[in-house]
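Below is one structure, written out as structure tokens; comments come after it.
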Amino acid sequence: MGNQTLLAMPEPFLEVRIHKTDLDPNLLAVCAGYELGEWRETQFANHVMQWLPEFALNYQEVRSMSAHNAVALLQKAARSIYQTDKFQSRGEFGELILHIILRQCFKTTPAISKIFFKDSRNDTVKGFDSVHVVYDGSTLDLYLGEVKFYTNINRAISDVITERLCCINM
């Protein structure tokens, strides 16, 4: 079957700044980069929009997307994430970024998305923020992801390591 994707992936945009596989847990840091000394926020926002349908729509909707329904499906995808006044403090945007990172950096295929299980706009769905797989023809690797935003990189790394140690000692 191979590692099949839902759609052709957009051109890679995020720049891998650090990828340490010799650490436990592994460390990957990506950045949208800079152009003429300015952070590429507009370009990053445009890139995120390219991924939105694959992240927020179900498989059949993504596969059926074409000129006649692209606007309606893109609006549906955006509403599933941004239909609450509290979207800036919710996790969906981080989950979308994680989706992009997993697809771009590890060539994963999404297995399931929590977005599909939202019944109303303010629902919070429990579970992993990301469930992706990579199948190379003989081995299936499962990627389970969790997203948190930090303003302090040292605290972020410390919390991840603490959380990982907690899970190992359970």
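The values are calculated or read from the model by the stated rules, or taken from the named source; none is laboratory data. What you are looking at is a predicted structure, and each value in this text was computed from that prediction instead of being measured. Note: ideal-geometry Cβ built from the backbone for every residue, glycine included; neighbour counts use all protein chains shown.
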Quiz prompt | Selection count, segment 133-164, where residues are surrounded by 10 or more Cβ atoms within 10 Å (Cβ to Cβ), modelled with pLDDT under 90 and within 18 Å of Ile97 (Cβ to Cβ) | solution = 11
Quiz prompt | Matching residues, segment 49-71, being closer than 12 Å to Ile100 by Cβ and either of a type in the set (Phe, Trp, Tyr) or touching a Cys at 6+ places or on another chain (Cβ under 9 Å) (or both) | solution = Trp51, Phe55
Exercise. Considering only residues that are in contact (Cβ under 8 Å) with a residue 24 or more places away in the chain and aliphatic (A, V, I, L, M), look in segment 27-48 and name the one that is surrounded by the fewest Cβ atoms within 10 Å (Cβ to Cβ).
Key: Leu27
Quiz prompt | helices (runs of 4 or more DSSP H) wholly inside segment 11-130 that include at least 2 residues being within 27 Å of Thr162 (Cβ to Cβ) and modelled with pLDDT of 85 or more | solution = 92-106
